[in-house]
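> Supplied in structure tokens, the structure appears directly below.
The values are calculated or read from the model by the stated rules, or taken from the named source; none is laboratory data. Predicted model only: the values in this text are computed from it and were never measured. Because the Cβ atoms are built from the backbone with ideal geometry, glycine has one as well, and the counts that use them run over all protein chains shown. For accessibility, only protein heavy atoms count, side chains too; no ligands or nucleic acids. Shrake-Rupley method; radii C 1.70, N 1.55, O 1.52, S 1.80 Å.
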Amino acid sequence: MIVHHTATGNRDDLSLDWAYTLSRAIQNWHMDHNGWIDTGQNFTISRGGHITEGRHRSLETLRGGVSFVHGAHAGPANGSSIGIENEGAYVSVAPTDTLYESLVDFCAYTCHQYDVEPARIFGHRDFMSTQCPGNVLYGMLPQLRRDVADRLGQSPPPLRWPTVIRGDGGERVRTVQHLLRHHGAGIAADGGFGPITENAVKAFQTDAALNADGVVRQETWQELILALRRGSAGEGVRAVQRQLHYQGFTTAVDGQFGPGTDRSVREFQARHGLTASGVVEPPTWRALVA
Ligand SMILES: [Zn+2]
């Protein structure tokens with residue numbers, strides 16, 4: 001399952017009529033403008049929570065549970081996923097509760113029909129260089145996976161490294177920037193992912209022999225992070241402290257891993273079901289930035 005946003009306006013019309021109108025408008029655009037045989041995505045969820053079929057026979061195959069319709073929504077991932085477009089633009093605001101509830105229901109049903117785990121819910125940006133499904137909706141995917149697992153009576157899925165991309169803002173971006181600074185980049189840790197940060201990411205990726213696309217995914221995270229413990233100091237510690245602070249811990253942000261940071265790290269680890277070792281290693285980093 002690949003989650004998208006339509007990047008269209010956040011309208012107040014929550015009616016079924018509008019959901020149909022939107023669905024047809026997308027179909028017209030994809031056929032008349034893009035020259036495709038039908039709508040690109042498999043399903044569309046309106047801000048009113050109404051789910052409409054996109055590409056023909058998507059619903060029939062989903063009900064059957066053995067095959068799916070090959071759509072056009074996520075480039076290289078088209079052949080192994082179904083695309084769910086969510087009406088609206090979620091770069092800086094969250095979707096309506098009604099939309100989110102429909103998305104949970106729909107993903108739970110899809111997981112059940114195709115016998116796939118909620119951990120297999122992704123965002124468009126996990127596969128292509130795009131903002132989609134917006135910083136805010138993308139940031140809700142860990143919660144979505146947990147809610148879907150809960151709906152299916154399954155235990156919570158493991159956390160994934162988030163994809164961070166140009167145009168994003170917030171604490172996760174600041175963490176990337178602090179880590180880039182640790183690795184020698186002369187950039188500001190201002191929480192805004194603009195061209196300067198993107199260039200710093202590309203330079204870092206080149207040095208680390210990674211694909212220099214400027215997008216921070218799992219492989220780049222794994223090279224960026226470092227093990228930290230009591231006595232550590234510097235930009236990496238600052239990144240951890242800022243995340244802890246942001247997540248409600250009363251931690252000083254001074255770049256010094258002292259007893260206060262140690263206490264907060266252990267508490268954070270305990271809350272997230274991790275070994276409360278006080279050592280910040282990959283599982284703790286992943287939980288910090290998820
Ligand atoms: Zn998309």
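> Using the Cα centre as the reference, give the magnitude of the dipole from point charges on the C-beta atoms of region 117-163 (Lys, Arg: +1; Asp, Glu: -1; all else neutral), rounded to the nearest 20 debye. Please list the in-between numbers first.
On the way: 6 positive and 4 negative charges, 8 e Å.
Rounded to the nearest 20 debye, it is 40 debye.
> Further, regarding this structure: Residue farthest toward the positive end of the dipole of region 171-289, with Cβ of Lys/Arg at +1 and Asp/Glu at -1: which of Gly234, His178, Phe268?
Of Gly234, His178, Phe268, it is Phe268.
> Using a 1.4 Å probe on the protein heavy atoms, what percent of the accessible area of region 171-289 belongs to carbon and sulfur? Kindly include the intermediate steps, with their values, before the conclusion.
Numbers: 2520 of 5480 Å².
The value for region 171-289 is 46 percent carbon and sulfur by accessible area.
> To continue, here is another question. Between Leu59 and Asp13, what is the label-to-label distance in nm when each label sits 7 Å out along the Cα-to-Cβ direction?
Taking the two extended label points, one gets 2.0 nm.
> Also: How much accessible area per residue does region 2-151 have, in Å², with a 1.4 Å probe? Write out the running numbers ahead of the final one.
On the way: 6780 Å² over 150 residues.
I get 45 Å² per residue for this part.
> In Å², and per residue, what accessible area does region 171-289 have when probed at 1.4 Å with the other protein chains present? Mind dumping the intermediate values first?
Values: 5480 Å² over 119 residues.
It amounts to 46 Å² per residue over region 171-289.
> A further question on this structure: Rounded to the nearest 20 Debye, what is the dipole magnitude of the chain about its Cα centre when Lys and Arg each give +1 and Asp and Glu each give -1 at the C-beta?
Once rounded to the nearest 20, the dipole reads 740 debye.
> What is the extension gain from His272 to Thr250, computed as 0.36 nm multiplied by their sequence separation minus the C-alpha to C-alpha distance, in nm to one decimal?
Numbers: separation 22, 0.36 × 22 = 7.92 nm, distance 1.73 nm.
Length difference between fully extended and current span is 6.2 nm.
> Once ligands and nucleic acids are excluded and a 1.4 Å probe is used, how much of Leu137 is accessible, expressed in Å² to the nearest 10?
In the full protein context, Leu137 sits at about 0 Å².
> Pop the C-beta distance of Trp29 and Val116 into the FRET formula with R0 = 35 Å and round what comes out to the nearest 0.05. Before the final figure, lay out the partial values.
On the way: r = 29 Å, r/R0 = 0.84.
FRET efficiency, Trp29 to Val116: 0.75.
> Right, another one. Give me the percent of the accessible area of region 66-152 that comes from carbon and sulfur atoms, probe 1.4 Å, all protein chains in place.
Values: 1860 of 3490 Å².
Exposed carbon and sulfur together represent 53 percent of the surface.
> Still on this structure, I have one more. Can you give the net charge of the other residues whose Cβ lies under 10 Å from the Cβ of Gln131, counting K and R as +1 and D and E as -1?
Details: positive: Arg125, Arg166; negative: Asp168.
Overall, the nearby charge balance is +1.
> Right, next: Suppose R0 equals 22 Å; then what is the FRET efficiency for Gln218 and Ser80 from their Cβ-Cβ distance, rounded to the nearest 0.05? All intermediate terms of the calculation are to be shown ahead of the outcome.
On the way: r = 18 Å, r/R0 = 0.81.
Result of the calculation: an efficiency of 0.80.
> Please report the net charge: other residues with Cβ closer than 11 Å to the Cβ of Ala212, K and R +1, D and E -1. All intermediate terms of the calculation are to be shown ahead of the outcome.
Details: positive: Lys202; negative: Glu198, Asp207, Asp213.
Residues near Ala212 contribute -2 overall.
> Follow-up. What is the magnitude of the charge dipole of region 173-290 about its Cα centre, with +1 placed on the Cβ of each Lys and Arg, -1 on the Cβ of each Asp and Glu, and no other charges, expressed in debye to the nearest 20? Spell out each step's value before the answer.
Values: 12 positive and 11 negative charges, 76 e Å.
Roughly 360 debye for region 173-290.
> Let me ask something else about it. I need the P(r) histogram for region 1-89: all alpha carbon pairs, bin width 5 Å from 0 out to the longest distance, whole percents.
Spelled out per bin, shortest first, that is 3, 16, 25, 26, 19, 9, 2, 0.
> In nm, to one decimal, how far is the modelled label at Asp38 from the one at Tyr20, with both set 7 Å along Cα→Cβ?
Distance between the two pseudo-spin positions: 1.9 nm.
> Under a 10 Å cutoff between Cα atoms, tell me which one of Gly248, Gly139, Gly71 has the largest fluctuation in the Gaussian network model of the chain.
For the chain, modelled as a Gaussian network with Cα springs under 10 Å, the answer is Gly248.
> Okay, moving on. If each of Ala290 and Val66 carries a label point 7 Å out from its Cα toward its Cβ, how far apart are those two points in nm?
3.6 nm
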